[in-house]
Amino acid sequence: MTLFAFVADDFTGATDALWQFRRFGLTGSLVTDAARLHEADDAYDVIGVATTARAAADPVPVVLPVLKAMAALRPLVIQYKVCSTFDSSPAHGSIGAVIAALHRDGLARGPVPVLAAQPELGRYTWFANHFVRSGAEVHRLDRYPPMRDHPITPASEADLRIRLAEQGAGPIGWLPASPPPSEETYRALGENAAFVADAHTEDHVRTLGRLLVADARSRGGPLYCVGSGGLSYALAFAHVAAAGAGKRQEIEPLGPAAPVLVVSGSRSPITARQIDTAERAGWRVLDASAGLRGGGAAAGSGGSFAGLLAEVAESLGEGRHTIVQSTRGPARDPAIIGDLLGRVASVAVRAGLVGRLVVAGGDTSGQVVAALGARSLDVVAALAPGAPVCVLTSDDPACDGLEVALKGGQVGGDDYFLAVAR
């Protein structure tokens, strides 16, 4: 029986959501095409679909058909998985537009719970305002440089009620975490289109999970929710605690892999530090822009793209861990960079040169996974919160069974790439 289903607005978030369920002993799979949902019916406790909705001007046509199709699986809860930094705007990946569509199409019955917090990643919500921990400091979302200055979805406001209202969600309520909310407090939010739930600790997340699972069990159809991997964690914990079954899984150790190929379209300073750390450790770092011709168009064959492929092949052929990145230097069109990095990864993997693949950047991950012809992914280990390692399934034998880590730009410590290789 499918207990939980989720649609993710990008591929890195999708693998994080799946890991949150899998770490509590629930079985699950992440598919790349909603047409494959029927294959998972009753086969898993959890089924997810990864999309590229976050990069879409209007995510509703991308995710709403999947959210509707998931209702046929009759899960307790259907989650729209979004980033814990709430990457969205009225013009790109609007979370508010999805909430409005859930009501307009009669899927949501009552307010849609929204949990952006994910304490283990240093993402907190308090008084409906969202915060991000970076090192020893905690920043309000609109004062956190990577989000304040984000090239596509800059955060100009930390109050998530205002953000959602600006995106057309409708009236937005607020559920405080202190004192712990009761069932009566929860149900009093019924006049709103959605409500933002506070959470600063794991206990806050677990309390909300209990309320949501209890609500879902009382319904005749699924409860639709919106949230980060923190919401996935909340649902998994609450189900296992209520059922008295399952157990929290230990993180499985990974054996060393050589060579590792990293392709990075992320512009995050966190990813930049990870690249710097790997380079100091002897990894080869190549500039993805070397594979582009003037004017920003990708070279289809010959010229600079062929030269970049030759450098990648030479480095991997020597057994050297290699990074192809557009993180440094001037920003370029994300779609063009994603396409380029997808073709680089595809050629290298199909040539048998890659021991383990890492993709940095949510939008880039979708393009790279598509280039590899992935049918599904399953989580096998976690090297850092929010960035698990998966095994990819594909009809192409050269790609089938590939170990791949899809890492959000702002996820992981400075030594993340080194840890992937160990």
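The values are calculated or read from the model by the stated rules, or taken from the named source; none is laboratory data. From a predicted model like this one, the values you see are computed outputs, not experimental measurements. Every residue, glycine as well, gets a Cβ built from its backbone with ideal geometry; the counts of neighbours run over all protein chains shown. Please note that ligands, DNA and RNA were not included when accessible areas were found on the heavy atoms of the full protein model with its side chains. Shrake-Rupley method; radii C 1.70, N 1.55, O 1.52, S 1.80 Å.
Results, tabulated for the structure shown:
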| read-out | value |
| --- | --- |
| Extension gain (nm, one decimal) between Arg104 and Asp287, 0.36 nm per residue minus Cα-Cα | 61.3 nm |
| Given charges at beta-carbon only (K, R positive; D, E negative), |dipole| of segment 329-413 in Debye | 200 debye |
| Probe 1.4 Å, accessible area per residue of the chain, Å² | 37 Å² |
| Three-way shape call for segment 79-196 based on the alpha-carbon gyration tensor, with the a/c threshold at 1.5 | oblate |
| Accessible carbon and sulfur surface of the chain relative to its total accessible area, %, 1.4 Å | 52 percent |
| Karplus 3J(HN,Hα) series, Hz, for segment 273-278 with 6.51 cos²θ - 1.76 cosθ + 1.60 (x for Gly, Pro) | 5, 5, 5, 4, 5, 5 |
| Listed residue (Ala194, Ile95, Ser264) projecting farthest to the positive dipole end of the chain, Cβ model | Ala194 |
| Efficiency of FRET from Cβ geometry, Asp58 and Asp333, R₀ 25 Å, rounded to 0.05 | 0.80 |
| His150, His200, His103, ranked by accessible area, largest first (probe 1.4 Å) | His200, His103, His150 |
| Among (i) 25.2; (ii) 21.4; (iii) 23.6, the entry that matches Kirkwood radius over Cα pairs in Å as calculated here | (ii) |
| Added length on full extension, which subtracts the Cα-Cα distance from 0.36 nm per residue, Glu191 to Ala258 | 18.6 nm |
| Hz values of 3J(HN,Hα) by residue in segment 354-364 - Karplus curve (6.51, -1.76, 1.60), Gly and Pro given as x | 10, x, 8, 10, 10, 10, 10, x, x, 5, 4 |
| In Hz, Karplus ³J(HN,Hα) per residue of segment 385-391 (6.51, -1.76, 1.60; θ = phi - 60°; x = Gly, Pro) | x, x, 9, x, 9, 10, 10 |
| Relative compactness, segment 17-118, computed as alpha-carbon Rg over 2.2 N^0.38 Å | 1.07 |
| Other-chain or far-sequence residues with amide H under 5 Å of Ala194's (modelled H) | Val112, Gly173 |
| Efficiency of FRET from Cβ geometry, Ser134 and Arg280, R₀ 30 Å, rounded to 0.05 | 0.90 |
| Rg and Dmax [Cα atoms of segment 324-363; Å; Rg one decimal, Dmax integer] | 11.0, 32 |
| Efficiency of FRET from Cβ geometry, Ser182 and Asp33, R₀ 45 Å, rounded to 0.05 | 0.60 |
| Helix-only [θ]222 nm of the chain, DSSP H runs n ≥ 4, -39500 (n - 2.57) each, per residue, nearest 500 | -10000 deg cm²/dmol |
